[in-house]
Amino acid sequence: MYRLYSILFSVGLVLMAPYYIWRHRGRKELAGWRERLGRLPANLRQEAPGAIWIHAVSVGETLAVAGLVKQLQQRYPDRKIFLSSVTAAGREAGEKKLPPVAGQFFLPFDWKWAVRRVLRHIRPSVFVIVETELWPNLLKTVSEFGCRTILVNARVSDRSFSGYRMGRPFMRRVLANITRICAQTDTDGERFQALGANPGQITVTGNLKFDTRAPEFGRFGARIKEVLAKENRSPVFVAGSTMRGEEPLVLAAWQKIREKHPRALMILAPRHPARFDEVAEMLQSRHLSTVRRTSLPEVEDGMRRLLSQNEILLLDTIGELAEIVGVADVVFVGGSLVPTGGHNVVEPAFWAKPILFGPHMYNFRDVASLFLKAGGAVQVADANGLADAVLRMLDHPADARQLGERARGVVTQQAGAATRILNQMEEWLGTPQATVAPLP
């Protein structure tokens, strides 16, 4: 089975290579091709074993593991921590948003020889995978190296579960290489067991995203807040992490919102950097006055002038959405009006903002359910429903504030996953060397 998988993986990679090279030309993804073949920089080489290797695919997973990284560093200050990513955005998030680690690199391709190179280079004793990156050769090679693997924040979406079940005999062999599975929910734990995991491997520890550091205003967020107040520019509607096909729906809702609130500003943040130009061209073709974040001058007068002249601020940067949510009156969580599975609602909840999302939240079904049951979010069916819900929030600010406070209450109640995961790892890492301070 592994040999067949390796052949199919190699053939697929060769066939996809031209498209991959064209799509990512000039970006960090291609600059890291040596690392994807297992050739890490010499300064990351470890002479002694015992490092901790954490793998977080992209931005969401990287931000989710920030609290866990901090606690690991506090408990085990002598252990080196390395972070791998798949995307350039994830790597950048690690550099900017995580505590400093011993090194970062791109995950090697799923060839045993490439993975062995990495293992020999950094010599980990524990391999931490955030959420569900089940690369068969990676897991098997790590196990053969004598390194324990723990899957944290583990989840199985409805779509993934259907696909994995078709290959259950192979999945059972893949999952056998994982020492511990820390599932987000009981449902996720049951799904891993249905895919062949041993019940003794599985424990439910909750969602790490509730343990992330609360966002705060950086220089840009604070400046925007100040400028909008001076310009009396309100209300502010943030549509974050939007996906292809979703912006036209959001813009249809925006037209209705603007009719009633002509001084309103929308901050539109596409999920993927590769689409920034595409969305900018769409806004221009619709003759919507727009300024890109990257075009905003740092000086206050220039920023005030451009924000006063435009109805939409296109957030074409990485890592600033979390703080920008702090200036919002209402927040829409994208990826949910189109069937792409939705995105995380925890960041706007930290700000106690009224949260809206569409019907397609299957990648975050349990988190969405928590907020809905607590009255901390509103689910809408379509563009008309989105416009109506936003207008209702703006017309009833007291109700909107209450909705936001209930959302923040959900975050407070659900925190603690990082500590529970650390307790699972303690038997491998030994007695903590330092007292862990509470997360801020």
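Residues checked against (1) closer than 13 Å to Trp351 by Cα; (2) under 23 Å from the mean Cα position of the chain (by Cα); (3) in a loop (DSSP other than H, G, I, E, B); (4) not polar (S, T, N, Q):
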{"site": "Leu372", "(1), (2), (3), (4)": "no, yes, no, yes"}
{"site": "Asp388", "(1), (2), (3), (4)": "no, no, no, yes"}
{"site": "Met393", "(1), (2), (3), (4)": "no, no, no, yes"}
{"site": "Asp399", "(1), (2), (3), (4)": "no, no, no, yes"}
{"site": "Leu403", "(1), (2), (3), (4)": "yes, no, no, yes"}
{"site": "Gly409", "(1), (2), (3), (4)": "yes, yes, no, yes"}
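Restricting to segment 163-193, name every residue that is farther than 16 Å from Val367 by Cβ, in contact (Cβ under 8 Å) with a residue 12 or more places away in the chain, surrounded by fewer than 15 Cβ atoms within 10 Å (Cβ to Cβ) and within 26 Å of the chain's Cα centre (by Cα).
Arg165 - this is the single residue of segment 163-193 that is farther than 16 Å from Val367 by Cβ, in contact (Cβ under 8 Å) with a residue 12 or more places away in the chain, surrounded by fewer than 15 Cβ atoms within 10 Å (Cβ to Cβ) and within 26 Å of the chain's Cα centre (by Cα).
Is it true that Gln73 is at pLDDT 90 or above and open to solvent by 50 Å² or more (accessible area, probe 1.4 Å)?
yes
Kindly list the number of the only condition in (1) free of Cβ contacts under 8 Å to residues at least 60 places away in the same chain; (2) under 22 Å from Gly358 (Cβ atoms); (3) open to solvent by 80 Å² or more (accessible area, probe 1.4 Å) that fails for Arg244.
(1)
Give me the residue from segment 273-297 that is free of Cβ contacts under 8 Å to residues at least 24 places away in the same chain and either within 17 Å of Glu226 (Cα to Cα) or in a loop (DSSP other than H, G, I, E, B) (or both) and, out of that set, nearest to the chain's Cα centre (by Cα).
Leu296
Residues in segment 381-391: is at least one within 24 Å of Ala93 (Cβ to Cβ) and open to solvent by less than 20 Å² (accessible area, probe 1.4 Å)?
First, pick out the residues of segment 381-391 that are within 24 Å of Ala93 (Cβ to Cβ): none.
No, there is no match, as no residue in segment 381-391 is within 24 Å of Ala93 (Cβ to Cβ) and open to solvent by less than 20 Å² (accessible area, probe 1.4 Å).
Could you check segment 284-305 and list, in sequence order, the residues that are buried (at least 17 other Cβ atoms within 10 Å of the Cβ) and among the aliphatic types (A, V, I, L, M)?
Of everything in segment 284-305, those that are buried (at least 17 other Cβ atoms within 10 Å of the Cβ) and among the aliphatic types (A, V, I, L, M) turn out to be Leu288, Val291, Leu296, Met303.
Evaluate segment 34-49: report whether one residue or more is free of Cβ contacts under 8 Å to residues at least 24 places away in the same chain, of a type in the set (Lys, Arg) and either more than 25 Å from Ser241 (Cα to Cα) or surrounded by fewer than 18 Cβ atoms within 10 Å (Cβ to Cβ) (or both).
yes
Name the residues in segment 361-370 that are part of a helix (DSSP H, G or I) and touching a residue at least 12 places away in the same chain (Cβ under 8 Å), would you?
Selection gives Tyr362, Asn363, Phe364, Arg365, Asp366, Val367, Ala368, Leu370.
Which condition number does Lys260 fail, the rest of (1) of a type outside the set (Ser, Thr, Tyr); (2) at pLDDT 95 or above; (3) open to solvent by less than 40 Å² (accessible area, probe 1.4 Å) being met?
Looking at each condition in turn, Lys260 falls short on (3).
Given the conditions (1) open to solvent by 10 Å² or more (accessible area, probe 1.4 Å); (2) of a type outside the set (Lys, Arg); (3) farther than 26 Å from Gly146 by Cβ, which single one is not true for Gly90?
Evaluating Gly90 over (1) open to solvent by 10 Å² or more (accessible area, probe 1.4 Å); (2) of a type outside the set (Lys, Arg); (3) farther than 26 Å from Gly146 by Cβ leaves (1) as the failure.
Would you pick out the residues in segment 400-428 that are within 22 Å of Gln74 (Cα to Cα), open to solvent by 60 Å² or more (accessible area, probe 1.4 Å) and not polar (S, T, N, Q)?
Arg420, Glu426, Glu427, listed by residue number.
Taking the condition of being assigned to a loop (DSSP other than H, G, I, E, B) and within 25 Å of Arg258 (Cβ to Cβ), how many residues in segment 374-386 meet it?
Of the residues in segment 374-386, 4 are assigned to a loop (DSSP other than H, G, I, E, B) and within 25 Å of Arg258 (Cβ to Cβ).
Output the residues belonging to segment 205-232 that are surrounded by fewer than 19 Cβ atoms within 10 Å (Cβ to Cβ) and assigned to a loop (DSSP other than H, G, I, E, B).
Those that are surrounded by fewer than 19 Cβ atoms within 10 Å (Cβ to Cβ) and assigned to a loop (DSSP other than H, G, I, E, B): Arg213, Ala214, Glu216, Phe217, Gly218, Glu231, Asn232.
Kindly indicate whether any position in segment 96-107 is aromatic (Phe, Trp, Tyr), within 17 Å of the chain's Cα centre (by Cα) and modelled with pLDDT of 85 or more.
Yes, some residue in segment 96-107 is aromatic (Phe, Trp, Tyr), within 17 Å of the chain's Cα centre (by Cα) and modelled with pLDDT of 85 or more.
The values are calculated or read from the model by the stated rules, or taken from the named source; none is laboratory data. What you see is a predicted model; the values in this text were computed from it and never measured. We place every Cβ from the backbone using ideal geometry, glycine too, and count neighbours over all the protein chains shown. We work out accessible area using only protein heavy atoms, side chains counted, and drop any ligands, DNA or RNA first. Shrake-Rupley method; radii C 1.70, N 1.55, O 1.52, S 1.80 Å.
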